[in-house]
Amino acid sequence: MPPGASSLGQGSGAVQAPALNLVMLGPPGAGKGTQAERVARERRVPRISTGDILRAAVVEDTEVGRAVRVNLDAGQLVSDEIVIAIVKARLSNQQAGRGFVLDGFPRTAVQAIALDRMMSGRDPLTIVNLVVPEDELMRRLMLRRVCSRCGVSAGSTAAGVCSRCGGELVRRSDDAGSVIRERLRVHASRTQPIVDHYRPRLTYRQVMGDQSPDRVAADLRAAVESVVESAGAARDLT
Ligand code: AMP
């Protein structure tokens with residue numbers, strides 16, 4: 001079977017568990033990165049964060065990095081063409097054949113449609129939307145610190161150094177007040193509408209993100225399990 005090919009309806013032999021092809025939706029500051037990392041680690045699948053990939057390109061001063069730097073600094077979206085090419089390349093990687101967690105993609109209707117095309121012949125997407133009230137998002141983003149060495153988000157209560165690698169904790173350059181407001185505005189106008197693209201699907205779930213990280217992780221796990229169970233039930237009926 002090619003990487004990521006659907007295990008459903010393969011006719012003969014044992015039925016393989018479907019790959020977890022998870023999309024994490026939610027505004028900046030909802031906790032997508034933290035939760036995506038946890039679930040990717042638990043499920044042993046790659047986490048694909050377009051924000052991390054773009055920030056690394058800026059630091060490495062690649063051609064893509066030079067093209068996107070102004071968008072990142074201003075809190076605006078990078079062109080669909082660039083991010084779609086990045087995700088396409090990552091999904092064709094053998095590792096993503098056993099599933100993946102997408103964090104920060106899709107962010108526009110064009111990206112959502114492109115992702116649906118990329119999923120042709122693969123197990124269906126599971127979509128989890130992390131919901132957090134706007135005043136809480138603003139508070140978290142103003143306080144958020146990330147590790148300058150390994151890039152992990154240390155959340156808003158961390159002090160000084162990274163608990164994972166000992167690196168210095170710093171503020172992300174796009175977590176400045178005016179840029180945060182722009183990122184939330186862009187999210188509301190360009191990304192929030194794609195929830196309507198996914199909401200009718202049987203594999204769409206909503207999780208409240210304004211709880212402790214452990215509580216959110218437990219709800220996320222339950223949401224993913226319920227999708228797996230309903231897919232199994234649907235398969236048993238066919
Ligand atoms: P994030 O780390 O997901 O908050 O993303 C940081 C920044 O990277 C965003 O503010 C955008 O400038 C850019 N970016 C990340 N993902 C995308 C995407 N799917 N489409 C367009 N721009 C993106």
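The values are calculated or read from the model by the stated rules, or taken from the named source; none is laboratory data. Source: prediction; values computed, not measured. Every residue, glycine as well, gets a Cβ built from its backbone with ideal geometry; the counts of neighbours run over all protein chains shown.
Among the residues making up the stretch 148-166, those that are at pLDDT 85 or above and under 17 Å from THR34 (Cβ atoms) are CYS162, CYS165.
Can you tell me which residues in the stretch 56-66 are surrounded by fewer than 16 Cβ atoms within 10 Å (Cβ to Cβ) and within 12 Å of the ligand (Cβ to nearest atom)? The one that is surrounded by fewer than 16 Cβ atoms within 10 Å (Cβ to Cβ) and within 12 Å of the ligand (Cβ to nearest atom): ALA56. Here is the figure for the stretch 170-183: residues that are under 16 Å from ASP52 (Cα atoms) and either loosely packed, with under 11 Cβ neighbours inside 10 Å or away from the ligand (no atom under 12 Å from the Cβ) (or both) total 2. When the residues of the stretch 36-52 are filtered to those that are more than 13 Å from the ligand (Cβ to nearest atom) and at negative phi, the one that is surrounded by the most Cβ atoms within 10 Å (Cβ to Cβ) is ALA40.
Quick grid of which residues meet (1) free of Cβ contacts under 8 Å to residues at least 60 places away in the same chain; (2) under 20 Å from the mean Cα position of the chain (by Cα); (3) in a helix (DSSP H, G or I):
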| site | (1), (2), (3) |
| --- | --- |
| CYS165 | yes, no, no |
| ASP174 | no, yes, yes |
| VAL179 | no, no, yes |
| HIS187 | no, yes, yes |
| ASP210 | no, yes, no |
| ARG215 | yes, yes, yes |
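To keep it simple, each residue is scored yes or no on (1) at pLDDT 95 or above; (2) in a helix (DSSP H, G or I); (3) more than 15 Å from the ligand (Cβ to nearest atom).
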residue	(1), (2), (3)
VAL68	yes, yes, no
ASP73	no, yes, no
LEU77	yes, no, no
ILE86	yes, yes, no
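Checked against the criterion of being among the hydrophobic types (A, V, I, L, M, F, W, C), surrounded by fewer than 19 Cβ atoms within 10 Å (Cβ to Cβ) and in a loop (DSSP other than H, G, I, E, B), the stretch 193-203 has at least one qualifying residue. Would you check if LEU137 is under 30 Å from ASP196 (Cα atoms) and assigned to a helix (DSSP H, G or I)? Yes: the conditions hold for LEU137. Could you tell me whether ARG90 is outside any helix (DSSP H, G or I), of a type in the set (Lys, Arg) and within 16 Å of the chain's Cα centre (by Cα)? For ARG90, the condition - outside any helix (DSSP H, G or I), of a type in the set (Lys, Arg) and within 16 Å of the chain's Cα centre (by Cα) - is not met.
Residue-wise test of (1) touching a Gly at 6+ places or on another chain (Cβ under 8 Å); (2) modelled with pLDDT of 95 or more; (3) within 10 Å of the ligand (Cβ to nearest atom).
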site: LEU54; (1), (2), (3): yes, yes, yes
site: VAL83; (1), (2), (3): no, yes, yes
site: PRO106; (1), (2), (3): no, yes, yes
site: GLY121; (1), (2), (3): yes, no, no
site: PRO124; (1), (2), (3): no, no, no
site: ASP135; (1), (2), (3): no, no, no
site: ARG145; (1), (2), (3): yes, no, no
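For the stretch 217-233, the count of residues that are among the hydroxyl-bearing types (Ser, Thr, Tyr), surrounded by 18 or more Cβ atoms within 10 Å (Cβ to Cβ) and closer than 21 Å to ARG38 by Cα is zero.
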